[in-house]
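What follows is a set of notes on a single structure, which appears directly below.
The values are calculated or read from the model by the stated rules, or taken from the named source; none is laboratory data. All values derive from a computational prediction rather than experimental measurement. Note: ideal-geometry Cβ built from the backbone for every residue, glycine included; neighbour counts use all protein chains shown.
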């Protein structure tokens, strides 16, 4: 992992432990994302310098713009550059000319190396730049409505969350491992543990929802106690699913896997949409203590996360990104 990519990753997970205490908040994930976005902008700023230097040093300038050097510089400083990663992993820059067309690809591998930027760090920074606006909208939406969820589940405990905390501990350990092969193995184990915890909690939610919606509690002499028990299970398990989903998202972001980060968040959104939203009204009727969160809130949560699918598709389909040069600061 390159220096710049490590800077982005460590910024995103600098407060790892604090994200998953009893007061877990989407604001913590947002803060980590903000730090990673700031580090990405630093990478892009250096990339602008590298691109401009590559064009300045290129002898065959006629391939890009026919006009004089001063006009070439104006075009570079005010225009858009398309950055393409070739099959060999090298990065190329294309200048969009006055006709809106891109010129011949110019290799910028050397200039990026001079700025200390790896192809992996640049790709992550470009992906962060491409999704940051829409992802911030998603995060803001979650932050606005999450208090209506966390107020209900605060103070709940569940003795079946050992896998979750095992995964968290493994990942904290992995971040201190110097051997890259071993680090990746431990990260994989951490993700497996967290995913297993997530799957078990989702299954528990499914079982309890089915029990309540189908009225199986009517067969028990302690009907009220059974209802309370399964409502409590749903609340507690939701707490783990929520944490596990965003922990996985944070781990993927930390490792430069932006598309997988979006997948983890999208999976959480689909869980809410498929397993909670349709039954929230009935569950609220059955919850005599706190009143299960209203259906409208769950629907808002699910709707606010639908954009992750489109963002993920955008990452998968793109093999090139536009980089505005308007922020470039270059000294000859």
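Against the definition (surrounded by fewer than 19 Cβ atoms within 10 Å (Cβ to Cβ) and within 30 Å of residue 183 (Cα to Cα)), how does residue 294 come out, yes or no?
Numbers: surrounded by fewer than 19 Cβ atoms within 10 Å (Cβ to Cβ): yes; within 30 Å of residue 183 (Cα to Cα): no.
Against the criterion (surrounded by fewer than 19 Cβ atoms within 10 Å (Cβ to Cβ) and within 30 Å of residue 183 (Cα to Cα)), residue 294 does not qualify.
Yes or no: residue 250 within 30 Å of residue 95 (Cβ to Cβ), touching a helix residue (DSSP H, G or I) at 6+ places or on another chain (Cβ under 8 Å), assigned to a helix (DSSP H, G or I) and at pLDDT 75 or above? Give the derivation first.
Numbers: within 30 Å of residue 95 (Cβ to Cβ): no; touching a helix residue (DSSP H, G or I) at 6+ places or on another chain (Cβ under 8 Å): yes; assigned to a helix (DSSP H, G or I): yes; at pLDDT 75 or above: yes.
Answer is no for this residue.
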Here the residues within the stretch 214-232 that are more than 11 Å from residue 286 (Cα to Cα) and touching a residue at least 60 places away in the same chain (Cβ under 8 Å) are 232
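Would you confirm, using the coordinates I've provided, whether residue 240 is in a helix (DSSP H, G or I), under 30 Å from residue 288 (Cα atoms), modelled with pLDDT of 85 or more and in contact with a helix residue (DSSP H, G or I) (Cβ under 7 Å, 6 or more places away or on another chain)? Working first, answer last.
Details: in a helix (DSSP H, G or I): yes; under 30 Å from residue 288 (Cα atoms): yes; modelled with pLDDT of 85 or more: no; in contact with a helix residue (DSSP H, G or I) (Cβ under 7 Å, 6 or more places away or on another chain): yes.
No.
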When (1) modelled with pLDDT of 70 or more; (2) closer than 30 Å to residue 310 by Cβ; (3) buried (at least 19 other Cβ atoms within 10 Å of the Cβ) are applied to residue 55, the one that fails is (2)
Result of the Cβ filter at 9 Å on the stretch 104-121, keeping first residues that are surrounded by 15 or more Cβ atoms within 10 Å (Cβ to Cβ) and partners that are modelled with pLDDT of 80 or more and part of a loop (DSSP other than H, G, I, E, B), at least 6 apart or interchain, is 111/117; 112/118; 120/256; 121/256
